[in-house]
Amino acid sequence: MSQQTAVSPPTTTHGTDAKGRALTRTLVVIGFAIIVALFLVLIFSAPVEDPKRISIGFSLNQLFVWMGGLHPLLQIPIILVIFAAVVGIVLVLIEFAPRPGRGYMIMRLVACLAIPVLGFMLLRPYSNAVFYVVAIALLAGALLFFADFRSRQGAGYLFQLILFMTPAALMLLLGLIYPAVSTFFKSFFDKKGAEFVGLDNYVWVFTNSAGWVSVVNTLIWAVLAPTISVVIGLAYAVFIDRARGEKVLKVLVFMPVAISFVGAGIIWKFMYDYRQGDQLGLLNAIVTLFGGDPVNWLAVKPLINTLMLLIVFIWTQTGFAMVILSAAIKAVPTEQLEAAQLDGTNAWQRFTNVTVPGIRSSLIVVLTTVTIASLKVYDIVAVMTGGRDDTTVLGFEMVNQQQRFQSYGHSSALAVVLFLFVLPLIIYNARSMRKQREIR
């Protein structure tokens with residue numbers, strides 16, 4: 001049997017010459033700078049009155065409109081066929097286009113120039129934007145082809161790599177990066193997004209009653225919710241591991257985690273139910289049983305009603321903390337605990353000096369995860385109080401300002417403040433996980 005010899009990619013100037021690599025980097029940087037400049041001009045250029053949309057005869061909007069008039073059972077196979085066609089084209093390009101040869105090089109060149117243009121034109125840009133759209137698409141494709149041709153690994157490598165990465169990158173760009181940047185810019189404009197107002201929206205956040213109450217309540221949630229959830233979850237993890245029926249007890253504690261925040265809010269709203277006469281709410285039933293008057297728990301301020309909402313959140317997060325910390329405790333080496341016991345330490349000393357340091361990374365993950373969840377809580381507040389009686393939080397007030405008051409500037413400013421609260425936790429969590437990988 002003859003052995004097949006693998007075709008080695010052709011050597012390139014970029015791969016063998018330092019000057020060639022420097023030239024490639026310089027041209028790519030200049031090209032992307034031009035793309036950014038064109039994009040900024042496109043965004044900030046004065047709009048044409050009553051602009052017309054330019055189409056190539058077919059657009060995604062027309063596709064969706066056409067599909068909307070079909071029977072739902074017909075829409076499913078059409079979507080599957082379109083998805084299969086797109087995946088098939090991508091797989092063909094990934095498999096054949098990266099190969100060496102003039103024909104495959106032409107295939108890569110056509111794909112680099114045609115795909116971006118078709119992709120942009122399917123969105124039907126306005127007439128005053130067609131020039132910029134086509135210029136950006138062609139320049140991006142030309143840069144890709146140039147960098148791929150001079151790639152150190154040979155022509156076809158970068159082309160194949162970018163084809164793999166583009167779907168996820170587009171979703172990330174359209175679903176996360178673009179909305180974040182757009183929200184940041186809108187936070188400096190008035191409620192309709194028409195007039196630049198500078199930092200007025202941020203001043204409103206920290207001076208208006210709805211704004212600063214949401215900030216204060218969010219900080220209370222961020223401090224108390226993860227602390228209490230982790231303490232109770234850790235206590236459950238320690239004591240349930242030593243109890244009979246460990247699995248049953250853990251299932252009972254973990255069950256609230258499977259309940260949505262909306263469901264949990266409805267359940268606890270019945271628990272706090274306030275009315276004269278016969279009591280439906282468990283809490284007021286106990287109060288009236290001992291001769292007290294029923295209390296409208298969700299309207300008692302300051303802080304009492306916020307703490308009542310916090311209990312609901314803690315109830316849903318304690319099981320999550322218990323499961324993660326229980327697994328971490330079981331991973332602590334028994335040799336360390338036995339050595340500490342031989343040294344004459346009691347159970348509390350072994351717990352604080354051996355167990356807790358051994359589960360430090362898990363504690364950090366649980367604390368940051370629960371904290372982030374508490375910072376962006378919306379459902380519990382919306383279902384139980386609707387933000388009334390000073391119970392609003394940033395996540396709820398952000399949506400409230402946008403939907404109820406149509407104030408996009410205030411809503412965007414609240415979203416940016418919420419993002420600034422969450423960002424340090426994400427960075428800290430990422431750094432901690434990276435350190436743990438380095439240690440391992």
#### Entry: Difference of contour (0.36 nm per residue) and Cα-Cα distance, ASN296 to LYS435
45.2 nm
### Message
Taking the Cα of THR227, stepping 7 Å toward and past its beta carbon, and measuring to each backbone N in region 291-327: which are under 18 Å?
### Response
303-315, 317-318
### Query
Rounded to the nearest 10 Å², what accessible area does HIS71 show when all protein chains are kept and the probe is 1.4 Å?
110
#### Entry: On Cα atoms only, tilt of 209-240 relative to the major axis of the chain in degrees
70
### Heavy-atom SASA rank of ARG388, ARG404 (probe 1.4 Å, accessible area, largest first)
ARG404, ARG388
### Task
Considering the options THR207, GLY344, VAL86, tell which one lies farthest towards the positive end of the dipole of the chain, charges being +1 on Lys and Arg and -1 on Asp and Glu at the Cβ, about the Cα centre.
VAL86
### Task
Hey, can you grab everything whose amide H is under 5 Å from the amide H of PHE189? Only 5+ residues off in sequence or another chain; H modelled, so Pro and N-termini drop out.
VAL197
### Task
Just reorder MET165, MET171, MET322 by solvent-accessible area, largest first, 1.4 Å probe, all chains present.
MET171, MET165, MET322
### Solvent-accessible ranking of ARG244, ARG360, ARG437, largest area first, probe 1.4 Å
ARG244, ARG437, ARG360
### Task
Please work out how much accessible surface TYR272 shows to a 1.4 Å probe, ignoring ligands, DNA and RNA, in Å² rounded to 10.
10
### Query
In the chain, what percent of the accessible surface is made up of carbon and sulfur (1.4 Å probe, ligands and nucleic acids excluded)?
69
### Query
Can you pull the accessible area of MET255 for me, 1.4 Å probe, Å² to the nearest 10?
110
### Message
Taking the alpha-carbon distance from LYS269 and a cut-off under 27 Å, which lysines remain once sequence neighbours fewer than 8 residues away in the same chain are dropped?
### Response
LYS250, LYS301, LYS376
### Query
Nearest 10 degrees, 0 to 90: what angle lies between the long axis of helix 261-271 and the longest principal axis of the chain (Cα atoms)?
20
### Message
Once R0 is set to 51 Å, what does the formula 1/(1 + (r/R0)^6) return for the Cβ-Cβ distance between PHE39 and VAL251, expressed as a FRET efficiency to the nearest 0.05?
### Response
0.45
### Message
If you fit an axis through the alpha-carbon atoms of helix 102-121 and take the longest principal axis of the Cα set of the chain, what angle between them do you get, 0 to 90°, nearest 10?
### Response
50
### Query
Residue farthest toward the positive end of the dipole of region 323-440, with Cβ of Lys/Arg at +1 and Asp/Glu at -1: which of ALA430, VAL323, HIS410?
ALA430
### Query
R0 = 60 Å: FRET efficiency of ASP343 with ARG388, Cβ-based, nearest 0.05?
0.60
### Task
Mind putting a number on the dipole of region 337-440 about its Cα centre? Charges go on the C-beta only, +1 for Lys and Arg and -1 for Asp and Glu, and I need it in Debye to the nearest 20.
420
#### Entry: Student exercise, region 70-205 dipole from Lys, Arg, Asp, Glu Cβ charges, in Debye to nearest 20
340
### Task
For region 332-351 and region 101-118, write down the distance between their C-alpha centroids in whole Å.
66
### Task
Specify the residue with the greatest mean-square fluctuation among PHE96, PHE261, PHE421, computed from a Gaussian network of the chain linking alpha-carbon atoms under 10 Å apart.
PHE96
### Query
Which value, in debye to the nearest 20, describes the size of the charge dipole of the chain about its Cα centre when Lys and Arg Cβ atoms bear +1, Asp and Glu Cβ atoms bear -1, and nothing else is charged?
1220
### Task
Send over a whole-number figure in Å² for the accessible area per residue of the chain, probe 1.4 Å.
61
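The values are calculated or read from the model by the stated rules, or taken from the named source; none is laboratory data. A quick note: this is a predicted structure, and the numbers were derived from the prediction, not measured. Virtual Cβ from ideal backbone geometry, glycine too; neighbours counted across all protein chains shown. Heavy atoms of the whole protein, side chains included, go into the accessibility calculation; ligands, DNA and RNA do not. Shrake-Rupley method; radii C 1.70, N 1.55, O 1.52, S 1.80 Å.
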